[in-house]
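Below is one structure, written out as structure tokens; comments come after it.
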Amino acid sequence: MNPPIQRFRRLRKSVAIRQLLAEHSVDAQKLIQPLFAIEGVGLENEISAMPGQFRRSVDRLVDHCKGVADAGIGAVLLFGVPAKKDAAASAAYDPGGVVQRAVAAIKESTPDLLIITDVCLCSYTDHGHCGVRRDGQVENDATVELLARTAVSHARAGADIVAPSDMMDGRVAAIRAELDRAGFAGVAILSYAVKYASAFYGPFREAADSTPQDGDRRGYQMDPANVREAVRVAAAAEMEGADMIMVKPALPYLDVVRRVRESSSLPLAAYQVSGEYAMIEAAARNGWLNREAAIDESLLAIRRAGADMIITYYATEIARRR
Ligand code: PBG
């Protein structure tokens, strides 16, 4: 007698039954759209390594955000690209800085759209590292002070959530303390807790003008070889007061998303980064991939791995397609 077989195809035979039994889905309300603010007026400049993504002056960004919200996206992640950089990253915590002005203007015109701000110094330092330096080294504690100051300036402008991406130790505790002291106990922290030193950030560094002038970020970002460390840094962020944590990049790190999902009960975001976007766009432009199918499958994979929220350059497009 032949061994008994199971007929899996019974449950795959129509769209309706597949939809009924789908274990995971990508919901536009759980997607976060990253956006870039630049100085100037009337500017909307395409990022060459991220076709379809733009750096916008505040006026254009405000108009664009109305469309993002109308599409059904509930949250944006804002990056500021200042005109002037210096050793102390002073534009990062300038109350009149580009991201602070963008936050205030978007809040005024689209009050229900949640604004998350990226808190880091790399776009603001003249050397492009994520902190202030002494003797060629990024100084942890001096940087943390400036990050806390930056976060407070974002909160004062109207940010709902601040997202430190610098990878300095102790930044979440310092940011929490300073926010509370300044009267912003209601502003949440989304910690880029598990952020790897990744080649997949390449296109972003053109967008944010944040390529380190020398060396790399391996002295502060995580080693791609490690996964146990991800559990430890996520736990530390939680103890320091993070409200939400993030794993980044996403698709090459699905095992890490799963591992952190299982080790922490905090809401978990995964960031489909610029290089992940660029790979899909480049292949699609060459006719090598079905663009929409590849986007959907990549996002579904990130959800399946355990991410609650996904930060993706495709957020608004997905919301419009639904
Ligand atoms: C800032 C920051 C980076 C990204 C988000 N915040 C770049 C980096 O660490 O070099 C990457 C985002 C992307 O690639 O889409 N530190």
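At pLDDT 95 or above and more than 16 Å from the ligand (Cβ to nearest atom): which single residue out of R232, R218 fits that description? Full working, then the answer.
Values: R218 fails: more than 16 Å from the ligand (Cβ to nearest atom).
The unique qualifying residue is R232.
When each of Q6, Q33 is tested for being buried (at least 21 other Cβ atoms within 10 Å of the Cβ) and not hydroxyl-bearing (S, T, Y), the lone residue that passes is Q33. Among residues of the range 101-120 that are assigned to a strand (DSSP E or B), those with a beta-carbon under 7 Å from a residue that is modelled with pLDDT of 95 or more and of a type in the set (S, T, Y) at least six positions away or on a different chain give the pairs D118/S165; V119/T150; V119/S165. Residue count for the range 285-322 under the criterion of being assigned to a helix (DSSP H, G or I), within 16 Å of the ligand (Cβ to nearest atom), out of contact with any Ser or Thr (no Cβ under 7 Å at 6 or more places or on another chain) and under 24 Å from R261 (Cβ atoms): the result is 4.
Considering each of D135, D180, D169, D141 in turn, give the residue that is within 16 Å of the ligand (Cβ to nearest atom), surrounded by fewer than 19 Cβ atoms within 10 Å (Cβ to Cβ) and among the charged types (D, E, K, R). Walk me through how you get there before you give the answer.
Values: D135 fails: within 16 Å of the ligand (Cβ to nearest atom); D180 fails: within 16 Å of the ligand (Cβ to nearest atom); D141 fails: within 16 Å of the ligand (Cβ to nearest atom).
After ruling out the rest, the residue left standing is D169.
Of everything in the range 228-269 that is over 27 Å from D296 (Cβ atoms), touching a helix residue (DSSP H, G or I) at 6+ places or on another chain (Cβ under 6 Å) and aliphatic (A, V, I, L, M), the residue that is most open to solvent (accessible area, probe 1.4 Å) is V231.
The values are calculated or read from the model by the stated rules, or taken from the named source; none is laboratory data. What you see is a predicted model; the values in this text were computed from it and never measured. In this analysis, Cβ positions are derived from the backbone assuming ideal geometry, glycine residues included, and neighbour counts consider all displayed protein chains. Remember, those area values only see protein heavy atoms, side chains included, never the ligands or the DNA or RNA. Shrake-Rupley method; radii C 1.70, N 1.55, O 1.52, S 1.80 Å.
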